[in-house]
Amino acid sequence: MSNVLYRKELLLCVGLWFSAVSSAQEKDTVVLRSLSGVEVVEKVRPPSMRAGAPVQQLDRTGMERLGLQDLSEAVGRFSGVTVQDYGGIGGLKTVSVRSLGSQHTAVSYDGITVTDAHRGQIDISCFSLDNVESVALTIGQTDDIFQTARMYASAGALNIRTGEPVFAGRRNRLRVKVKGGSFGLFNPSARYEQQLGRRTSLSFHTEWLSARGDYPFTLTNGQLVTKEIRKNSDIQSLRAEANVYGHIANGGKWQAKAYYYDSERGLPGSVVLYASRTRERLWDRNFFTQMHCRAPLSRTLTWQAQTKYNYTYSLYHNVDEQYAEGLTADRNTQREYYGSAGLWYAPSSPWSASLSSDVSHTSLESNVVGLLSPTRLTSLTALAAQFKNTRLTVTASLLATYMKNEVKQGRRPDDRQRLSPAVSLSLRPLTGSALRLRVSCKDIFRVPTFTDLYYIRMGNTNLLPEKATQFNAGLTWSGRIPAVARLVTLSADGYYNRVTDKIVAIPTMYVFKMMNTGKVEIRGADVNLSAECPLNKTCLLTLASTFSYRHAVDVTNPDDKNYRHQIPYTPRHSGTASASFENPWANVGYMLTLTGERYVLPQNIAANRMGGYAEHTLSLNRTFHLPACRIRVQGEALNIGNKTYDIIRYYPMPGRAFRLSINIDY
């Protein structure tokens, strides 16, 4: 029955999507203006250097230089970020910023957030890097005040952008890519772009991923060290995405998207002693359609609107003797309806203001006992103002949140209302200098997930939102070093975060219960340094490095044994380094990831310590320009040192692996 309803909803939404696309294609006029010539005398400084809060970005050029093939690999290049990876090619991957937890990180796809009210965290492995033009991470208050209210409602935001087609005199383009590698990896993809009219274009991307995931690893059991094979780590997944882009009068534009993801994967589970065998399976199915439109109403006023429908289905199977029938099967279906509208007003050159309002309705149906078909109505309104000139940028915002939860039976949680302010400042103290100082402060919270509120024997409908206060102070500099580097960028930030009413599971009699009892203090520093060094007219060396220091301690109760101990899975020191050498023969990319020791439980004792690790990756690529197409061939060696390590304890990561990809652009 659920499959029938799903097909009907899918057909209805596709029909509405194409209806919206066709209605948005209106006649307009073209205004041609002659532009004066511009002489470029130096490399343009990145906008992130002028931001009032930390912003890090990787575009397609930078990702190709390093040979990045996976979204989690790109996100892992950012400082202050922890990518939680549960191992394997198909392992779940979530993002945490500055130890605040993945629930505090918003993930947006082409400007509209991706949500999961059930678990509260987004698996970024569901998105393909082959279809991504840029990835940006903003921590705290953003300088972009013209965005949805949802984007204000998070401690950090990961913005994923796909590329709008560029035809350069052609009417269509085709990109075909085939990637293969160790452990049975086979990953073909294709992207087709078509110009539909003078102001409309279409792109379609599809991708198939298949892997056995049976990689070897080293198992240490006391004094005994053995070689084992990871089992039940296979994955089969399909992605498909269609976009229609349009331009309307006076510089307005719109975009409509339909996205589908379907996967089946094995969950290899933890390796405890020799009990590495597992028969857990997970099926995920996600479909969403969204539309965005932005256009000026006058010289000083611009409007934008977004709408989205999201359907998510998951099925979890586990065959085990502990269950009465030898099998458990959990089915969860989420639906969300979302709309947003906003205005941007710029009465004079340095001043601007914006008002955005979002409304969403989310529901969850589940066969899990205790999840009582909850629904959630959320209203978010953000008011922001900005002063910006060549020396000073000041941004302030206020977010108003109203949330109402309902259940079909049992006690429902109380309604929630909250105001969340934020402010940031970026100052260039000396005229003519590229040095800028920045400070920012943001008060934000994350709401309890449906699992936190309702899950049997653990859920607590009295939970309050988990509050976080962020303070950041730093400096940025960008410039050139004659005869050495044409562009050098440096940013250094110190920060203090405090989390109160932290949602944790604590024992009560015979079971665990979700409670607001946790308090965490986080002090740290992030440093980013990069340089572009031309060696001659045809060779370019690009260097980049990041370093993060995080002192994240539990300050809940002075009488606890873990008081002021580092919180689990938070390394005190971590960093990355990368180098790319572009030349006429074969471009070389190198990446190093360093992670210090961590603790897997709240008490920082020897039994809970996980050692640090270093991972090296090397890539080679060459592009061939032929009359009819462009061919790019890339080979990679991952984890060259064959280092055995875990990101999550008892979930071993793959050792040395190889990948080969061929990309053909017609």
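Within the straight-line cut-off of under 26 Å between alpha carbons, the lysines reachable from Lys537 are Lys43, sequence neighbours fewer than 8 places apart in one chain being disregarded. Ordering Trp585, Leu202, Thr570 by the projection of their Cα atoms onto the charge dipole of the chain, which places +1 on the Cβ of Lys and Arg and -1 on the Cβ of Asp and Glu, puts Trp585 at the extreme positive end.
For the chain, the spread of Cα positions along the three principal axes, ordered from largest to smallest, is 76, 55, 54 Å.
Mean silhouette area of the range 519-658, derived from the convex hull of its C-alpha atoms and averaged over all directions, reads 11.5 nm².
Working note: Karplus 6.51/-1.76/1.60 with θ = phi - 60° gives the range 310-315 the couplings 10, 10, 10, 10, 9, 10 Hz, where Gly and Pro are set to x. Counting charges near Asn562 (Lys, Arg +1; Asp, Glu -1) among other residues having Cβ under 15 Å from its Cβ returns a value of +2. Amide H to amide H distances under 5 Å link Tyr651 with Val271, where only residues 5 or more positions off or on other chains count and H is placed in the peptide plane. Residues Asp414, Asp665, ordered by accessible area of protein heavy atoms at a 1.4 angstrom probe radius and largest first, appear as Asp414, Asp665. Counting only residues at least eight positions apart within a chain, or on another chain, the aspartates and glutamates with an alpha carbon under 15 Å from that of Lys227 are Asp214. Using the Stokes-Einstein relation with a Kirkwood hydrodynamic radius computed over Cα pairs, the translational diffusion coefficient of the range 196-285 at 37 °C and a viscosity of 0.692 mPa s comes to 194 µm²/s. In the complete set of protein chains, residue-level accessible area for Phe658 is approximately 110 Å², probe 1.4 angstrom.
Rolling a 1.4 Å probe over the protein chains gives Glu406 an accessible area of about 70 Å².
So, counting K/R as plus one and D/E as minus one, what does the shell of residues with Cβ under 10 Å around Thr469 add up to? It works out to a net charge of +2. What aspartates and glutamates could a cross-link reach from Lys177, if we take a straight Cα to Cα line under 13 Å and drop same-chain neighbours fewer than 8 places away? Straight-line reach from Lys177, under 13 Å: Asp130, Glu207, Asp665. Around the amide H of Met610, modelled in the peptide plane, lie the amide H atoms of Arg598, Tyr599, Val600, all under 5 Å away and 5 or more residues distant in sequence or on another chain. Shape of the range 60-190 from the C-alpha gyration tensor: oblate (a/c of 1.5 or more and a/b not above b/c, with a ≥ b ≥ c the square roots of its eigenvalues). With a threshold of 25 Å on the Cα-Cα distance, the over-threshold entries among Lys519/Lys643; Lys404/Lys502; Lys179/Lys231; Lys257/Lys388; Lys253/Lys308 are Lys519/Lys643; Lys257/Lys388. Between Leu297 and Thr302, Trp303, the built amide H atoms are under 5 Å apart, and every one of these is 5 or more places off in sequence or on another chain.
Projected onto planes of every orientation and averaged, the convex hull of the alpha-carbon atoms in the range 373-414 covers 4.0 nm².
With helices as the sole contributors, the chain gives -2000 deg cm²/dmol at 222 nm; each DSSP H run of n ≥ 4 counts as -39500 (n - 2.57), and the sum is divided by every residue. Per-atom-type breakdown for the range 417-544 gives carbon and sulfur 67% of the accessible area (1.4 Å probe, protein chains only).
Distance distribution P(r), the range 290-381, all Cα-Cα pairs, bin width 5 angstrom from 0: 3, 11, 15, 13, 12, 9, 9, 7, 6, 5, 4, 3, 2, 1, 0 percent.
Accessible surface for the chain, divided over its residues, is 47 Å² per residue with a 1.4 Å probe.
Projecting the Cα atoms of Ser349, Thr312, Val368 onto the charge dipole of the range 273-394 (Cβ charges, centred on the Cα centre) puts Ser349 farthest toward the positive pole. Here the scattering of the range 389-506 is modelled by Debye summation over its C-alpha atoms, one equal scatterer each and no solvent; at q = 0.13 Å⁻¹ the log10 of I(q)/I(0) is -0.70. Accessible-area rank, largest first, for Leu219, Leu543: Leu543, Leu219, with all protein chains present and a 1.4 angstrom probe. Surface composition of the range 570-666: carbon and sulfur make up 63 percent of the accessible area, probe 1.4 Å.
The values are calculated or read from the model by the stated rules, or taken from the named source; none is laboratory data. Please read these numbers as outputs of a predicted model, since none were measured by experiment. Because the Cβ atoms are built from the backbone with ideal geometry, glycine has one as well, and the counts that use them run over all protein chains shown. In case anyone asks, the SASA skips ligands and DNA or RNA and just uses the protein heavy atoms, side chains included. Shrake-Rupley method; radii C 1.70, N 1.55, O 1.52, S 1.80 Å.
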